[in-house]
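The values are calculated or read from the model by the stated rules, or taken from the named source; none is laboratory data. Not measured: the values here are computed from a predicted model. With ideal geometry, Cβ positions are generated from the backbone for all residues, glycine too; neighbour counts draw on all protein chains shown.
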Amino acid sequence: MARQYPWLLAPVPWSPAQEWIRGYHDGLPLLSYGCAPQHLLATRRQLRAKGKRPNGSDPVALLYLLHKPSKKLVFAIYLIALAAPVRPMTPAKYSALAKANLARRICRSCGKDPLYILPTSTKQCWPCFEAEHATDTTEIGAA
């Protein structure tokens with residue numbers, strides 16, 4: 001049985017020489033887990049950990065790994081040399097973030113702030129949720 005992604009010696013954008021890749025996917029070189037040169041390439045999360053962002057550049061390769069026999073994970077890989085520093089937080093961004101977090105804490109029943117983020121399924125604080133469900137159980141028991 002032939003491998004789905006056989007090894008292939010091909011030119012790549014991050015090196016002047018040809019390198020071993022696992023074929024192409026969507027026109028981009030496909031790399032196995034652990035085969036990408038870590039000093040040249042990084043995923044979006046790895047760039048963020050280094051304090052950088054892709055800066056609008058397109059990915060130069062795709063990294064794939066098999067999580068289970070039925071599940072493949074594919075990640076875009078960017079050139080670290082083309083990455084730019086992360087934009088700093090401004091007072092306006094801090095203000096917008098504070099407003100968004102406050103909206104996640106306001107109970108839809110009583111309108112109070114219980115000082116914790118409410119569940120997205122109910123959007124209610126615990127006392128309101130208990131009061132609503134206590135009346136539901138008494139109605140069921142009475143019937």
Next on the checklist: Quick test for you: out of A42, A61, A98, pick the one residue that is farther than 30 Å from H133 by Cβ, among the hydrophobic types (A, V, I, L, M, F, W, C) and in the same structural domain as F129 (by TED's automatic domain parsing).
Outcome noted: A98
Checklist entry - Could you say which residue among L79, L41, L115 is surrounded by fewer than 13 Cβ atoms within 10 Å (Cβ to Cβ) and of a type outside the set (D, E)? => result L115
Item to check | Hits in region 86-139 (condition: part of a loop (DSSP other than H, G, I, E, B) and among the hydroxyl-bearing types (S, T, Y)) | outcome: T90, S109, Y116, T120, S121, T122
Checklist entry - Of all residues in region 9-41, which are in contact with a Lys or Arg (Cβ under 7 Å, 6 or more places away or on another chain) and not hydroxyl-bearing (S, T, Y)? => result L30, L31
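If a residue must be loosely packed, with under 10 Cβ neighbours inside 10 Å and either at pLDDT below 95 or small (G, A, S) (or both), how many such residues does region 82-93 contain?
Residues of region 82-93 that are loosely packed, with under 10 Cβ neighbours inside 10 Å, as a first pass: 87-92.
Now drop any that are not either at pLDDT below 95 or small (G, A, S) (or both), which leaves 87-89, 92.
Total meeting the criteria: 4.
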Next on the checklist: I want to confirm something. Restricting to region 47-74 and keeping residues that are out of contact with any Lys or Arg (no Cβ under 8 Å at 6 or more places or on another chain) and buried (at least 17 other Cβ atoms within 10 Å of the Cβ), which single residue is farthest from W7 (Cα to Cα)?
Outcome noted: K52
Next on the checklist: Pairs needed: first member in region 59-87, without any contact (Cβ under 8 Å) to a residue 12 or more places away in the chain and over 16 Å from C35 (Cβ atoms); second member anywhere, surrounded by fewer than 12 Cβ atoms within 10 Å (Cβ to Cβ) and among the aliphatic types (A, V, I, L, M); C-beta distance under 8 Å; at least 6 residues apart or different chains.
Outcome noted: H67/L73
Checklist entry - Do you know which residues across region 56-78 are of a type in the set (G, A, S), farther than 12 Å from P13 by Cβ and part of a loop (DSSP other than H, G, I, E, B)? => result G56, S70
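Looking at A96, is it over 27 Å from P29 (Cβ atoms), modelled with pLDDT of 95 or more, more than 19 Å from the chain's Cα centre (by Cα) and aliphatic (A, V, I, L, M)? Give the steps one after another, and end with the answer.
Values: over 27 Å from P29 (Cβ atoms): yes; modelled with pLDDT of 95 or more: yes; more than 19 Å from the chain's Cα centre (by Cα): yes; aliphatic (A, V, I, L, M): yes.
When the stated conditions are applied, A96 passes them.
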